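Participant: I have a structure here, written as structure tokens, and I will follow up with some questions on it.
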Amino acid sequence: MNAIRLLTVPLWIALLHSAALAGEPASDPSAAPAASPAAGSPATAAAPAGPLEIGQPAPLRDLPMKSVDGSEVSIASAAGKRGTLVIFMCNHCPWVQAWQGRIAAIGSRALELGVGVIAVNPNDPEALPTDDYASMVAQAGKLSLKFPYVVDSTSDLARAFGATRTPEAFLFDAKGKLVYHGTVDDNARNEDAVKQPWLKDAVEAVAAGRKVAAAETKALGCSMKLRPAKS
């Protein structure tokens, strides 16, 4: 029995490693390897419309979405003079929970630098009850978010972006062109062990008018549970 157990453990680890490299989420960020650059390929499996490509503008910029403070916010209204960060996230996902403190900090720093920020929850609360609006309000308060956290009530924004994971970041420059797409950094498990703070570096570059060094990285996270598309 012990011999069988010793043989199955490496196989289990290998399967998790293969899933992460393919862009499939592990059940918990502590079980998966660190994120890695996608070498110019899309960060995740494409949605039907295809993932937004580097150099493209944000779709549905004027779509009004309900924020946790009760106001209506769009990407256009949240935009900053030096750029705009759109990050898809939610409440239930362990990957979001692992990165949420860093997301809040990066968002706050982005605002200080003149980069607008909007966090978007595209998930269907009927499929994931803890992704409902009340839970969003509680999460935003817990994290002391300084930027709007909004509901993509039809999941149409996520579809238009081609986003498939939470968390998944899209950063646009001052001209409204996508310059970074992917994950937060290279270690969801341990903030102290991060060697590649991709999103933070991208925000700093955009604010300074510099080219983003790594334009795309693999977005590791939970698969989105979108609302049914209207025919």
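Participant: Kindly list, by first and then second residue, each pair from a residue in the stretch 99-118 that is farther than 9 Å from V203 by Cα to a residue that is hydroxyl-bearing (S, T, Y) and modelled with pLDDT of 95 or more, limited to pairs with Cβ atoms under 6 Å and residues at least 6 apart or on different chains.
Facilitator: G116/T84
Participant: A further question follows. Return yes when P51 is at pLDDT 95 or above, in a loop (DSSP other than H, G, I, E, B) and either under 23 Å from E216 (Cα atoms) or of a type outside the set (D, E) (or both) and no when it is not. Break it down stepwise before answering.
Facilitator: Numbers: at pLDDT 95 or above: no; in a loop (DSSP other than H, G, I, E, B): yes; either under 23 Å from E216 (Cα atoms) or of a type outside the set (D, E) (or both): yes.
Against the criterion (at pLDDT 95 or above, in a loop (DSSP other than H, G, I, E, B) and either under 23 Å from E216 (Cα atoms) or of a type outside the set (D, E) (or both)), P51 does not qualify.
Matching residues to (1) touching a residue at least 24 places away in the same chain (Cβ under 8 Å); (2) farther than 21 Å from I75 by Cβ; (3) touching a Lys or Arg at 6+ places or on another chain (Cβ under 9 Å); (4) surrounded by 22 or more Cβ atoms within 10 Å (Cβ to Cβ):
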site: Q139; (1), (2), (3), (4): yes, no, no, yes
site: L143; (1), (2), (3), (4): yes, no, no, no
site: V150; (1), (2), (3), (4): yes, no, yes, yes
site: T166; (1), (2), (3), (4): yes, no, no, yes
site: F170; (1), (2), (3), (4): yes, no, no, yes
site: K177; (1), (2), (3), (4): yes, no, no, no
site: G182; (1), (2), (3), (4): yes, no, yes, yes
site: K195; (1), (2), (3), (4): no, yes, no, no
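Participant: Right, another one. Read through the list (1) under 11 Å from the mean Cα position of the chain (by Cα); (2) of a type in the set (V, I, T); (3) part of a helix (DSSP H, G or I), then give the number of the only condition that I87 fails.
Facilitator: With (1) under 11 Å from the mean Cα position of the chain (by Cα); (2) of a type in the set (V, I, T); (3) part of a helix (DSSP H, G or I) applied to I87, the lone miss is (3).
Participant: Then there is this: Hey, any hits in the stretch 213-223 for a residue that's surrounded by fewer than 18 Cβ atoms within 10 Å (Cβ to Cβ) and among the aliphatic types (A, V, I, L, M)? Please lay out each step first, then the result.
Facilitator: Here is the first cut: in the stretch 213-223, the residues surrounded by fewer than 18 Cβ atoms within 10 Å (Cβ to Cβ) are 213-214, 223.
Next cut, among the aliphatic types (A, V, I, L, M) only: 213-214.
Yes, some residue in the stretch 213-223 is surrounded by fewer than 18 Cβ atoms within 10 Å (Cβ to Cβ) and among the aliphatic types (A, V, I, L, M).
Participant: Checking L157 against (1) in contact with a Pro (Cβ under 7 Å, 6 or more places away or on another chain); (2) surrounded by fewer than 18 Cβ atoms within 10 Å (Cβ to Cβ); (3) under 15 Å from I75 (Cβ atoms), which test does it fail?
Facilitator: L157 satisfies every listed condition except (2).
Participant: Okay, next question. Just to be sure I understand the filter: pairs with C-beta atoms under 7 Å, separated by 6 or more residues or on different chains, first member in the stretch 72-86 and farther than 13 Å from L60 by Cα, second member among the acidic types (D, E). Which pairs pass?
Facilitator: Note: pairs meeting the criteria are G83/D173.
Participant: So for the stretch 128-148 (the condition being touching a strand residue (DSSP E or B) at 6+ places or on another chain (Cβ under 8 Å) and more than 24 Å from L60 (Cα to Cα)), does at least one residue qualify?
Facilitator: Within the stretch 128-148 (the criterion being touching a strand residue (DSSP E or B) at 6+ places or on another chain (Cβ under 8 Å) and more than 24 Å from L60 (Cα to Cα)), the answer is yes, since at least one residue qualifies.
Participant: Hey, could you check the stretch 194-225 for residues that are in contact with an Asp or Glu (Cβ under 6 Å, 6 or more places away or on another chain) and aliphatic (A, V, I, L, M) and say which is farthest from F88 (Cα to Cα)?
Facilitator: V194
The values are calculated or read from the model by the stated rules, or taken from the named source; none is laboratory data. Keep in mind that this is a model prediction, so the values were computed, not measured. Glycine gets a Cβ as well: all are built from the backbone with ideal geometry, and neighbour counts include every protein chain shown.
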